[in-house]
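Input: a single structure, listed below in structure tokens.
Rule-based calculations on the coordinates, nothing more; no lab input. Quantities reported herein were computed from a predicted structural model and do not represent experimental measurements. Cβ placement follows ideal geometry from the backbone for every residue including glycine, while neighbour counts extend to all protein chains displayed.
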Amino acid sequence: MKVAIVHEWLDTYAGSERVLEQLIAEWPEADLFAVCDFLPEAERGFLRGKPVTTTFIQRLPLARKHFRKFLGLMPVAIEQLDLSGYDLVLSSSHAVAKGVLTGPGQLHVSYVHSPMRYAWDLQHQYLREAGMERGLKGLYTRNLLHKMRLWDRASALNPDVVVANSTYIGERIRKAWRRESIVVHPPVDVQRFALRAEKEDYFLVASRMVPYKRIELIAEAFRRMPGRRLVVVGDGPNAPKVREAAAGAPNVELRGRVGTEELVRLTQGARACVFAAEEDFGIATVEAQACGTPVIAFGKGGARDIVVPPPAERPTGLFFAEQTAEAIIVAVERFETVAFLPQDCRSHAERFGPEAFRSAMRRVVQEALEGQSR
């Protein structure tokens, strides 16, 4: 059986590349395709030396630094990939990869990280944060996103099987595309985040400082709880807002960026990790539990697939219902009344390991192939 794997674009090793890494591990014979490939040499190890077949986007002027600005051309680009010689096509999609063209006798299974976020329910937030709510540039972008929505829904019919990375994304797929999906959680490197039962007296938030993460709410909440220490790890465009929220609070420590080893050590030692974002999945919440560290999280999005709240027999964390400092304060106070066991957190996190992901994807493909042959 000839297998093709289609990835969105390659420029860094992040969440969707972890999925690609495990797809390659499960189907090492597969050929690899992408819209474009500008991945640095130092980060290419997970590709196992595979050459990458790219589209005409690769050769456009300024594409190396600005390929995302060619979003409007990407539907055409992805449809030009010739996959007619393959029996099985696996796409890893958060924008256009699912739009590859296949024919009768070919099975296309698409692992969907999300419908195109900025074209659907997050369009208004995207335009607001990009400063494009008004003016000619804003009008052009709205028109582009309208066209992308039409293509996104039409191309959602291309895959034979749609796999969602969480129940939450399955709901977004149903809303945007009117399609049902199978949930397979993405792989998390739980081995790197080893269990440590002994905890220190601090709470931790580790994240990119971008608006939707709402880290400033966590900083504000702990500024109002001077008896509890918060360590904040990360940097990004929202850092000034976080610093402002933490101003004058000696119990809120802003560490900036740290290395991987230091991040693991801090996660292992924290009493709890706090998350205020509405995530598609939330790899960091699994990594925290892998360290034996419970989670205090906003109770919407992918976190609901990951965190086991009270009154469950073996809880691994708890939720707060609103993205407000007040709700976080109440959740932290409640956290201190519940007994969380590090081993329970670790055991639960192991359900999201790479082996579980590969096994689930292999099962999805096998069942689809069997259904095709009937």
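Entry note, region 160-231: relative contact order of 24 percent, from Cα contacts under 8 Å with a spacing of 6+ residues.
Could you work out [θ]222 nm for the chain from helices alone, using -39500 (n - 2.57) per DSSP H run of at least four and dividing by all its residues? Round to the nearest 500 deg cm²/dmol.
-11000 deg cm²/dmol
Projecting the Cα atoms of 296, 217, 320 onto the dipole axis of region 203-352, where Lys and Arg carry +1 and Asp and Glu carry -1 at the beta carbon, places 217 farthest toward the positive end.
Residue 3 sits among other residues whose Cβ lies under 9 Å from its own Cβ, and their net charge, with Lys and Arg +1 and Asp and Glu -1, is -2. Stretching the chain fully between residue 200 and residue 60 yields a gain of 45.2 nm (0.36 nm per residue, less the alpha carbon separation). Between region 15-72 and region 322-359, how far is it from one alpha carbon centroid to the other, in angstrom? Answer, in whole Å: 33.
Cβ-to-Cβ counts within 10 Å put 82, 235, 37 in ascending order as 82, 235, 37, the fewest first.
Couplings for region 18-25, taken from phi via the Karplus curve 6.51 cos²θ - 1.76 cosθ + 1.60 with θ = phi - 60°, read 5, 5, 4, 4, 6, 5, 5, 5 Hz in order; Gly and Pro are left as x. Taking the fewest neighbouring Cβ atoms within 10 Å as the starting point, the ordered list for 17, 198, 262 is 198, 262, 17. Computed over neighbours whose Cβ is under 13 Å from that of residue 29, the net charge equals 0, Lys and Arg +1, Asp and Glu -1. Summing Lys and Arg as +1 and Asp and Glu as -1 over all other residues whose Cβ lies under 12 Å from the Cβ of residue 103 gives a net charge of -3. For region 160-200, the alpha carbon convex hull comes to 102 Å³ per residue, rounded to a whole number.
The phi torsions of region 194-210, fed into the Karplus equation with coefficients 6.51, -1.76 and 1.60 and a -60° offset, translate into couplings of 6, 5, 9, 7, 7, 10, 9, 8, 7, 9, 10, 10, 10, 5, 5, 8, 10 Hz, rounded to whole numbers, with Gly and Pro shown as x. For the chain, the Kirkwood hydrodynamic radius from C-alpha pairs, put into Stokes-Einstein at 4 °C and a viscosity of 1.567 mPa s, yields a diffusion coefficient of 59 µm² per second.
Taken one residue at a time, the phi angles of region 338-354 give Karplus couplings (6.51, -1.76, 1.60, θ = phi - 60°) of 10, 8, 10, 9, x, 5, 5, 4, 5, 4, 5, 5, 5, 5, 10, x, x Hz. Gly and Pro are set to x. Remark: relative contact order (region 203-352) = 22 percent; criterion is Cα-Cα distance under 8 angstrom and separation of 6 or more residues. Kirkwood-type hydrodynamic radius, region 203-352: 15.0 Å, calculated from all non-identical alpha-carbon pairs. When the pairs 175/213; 137/241; 69/241; 69/137 are compared against a 21 Å limit on Cα-Cα distance, 175/213; 137/241; 69/241 fall above it. Based on Cα contacts under 8 Å between residues 6+ apart, region 49-185 shows a relative contact order of 21 percent.
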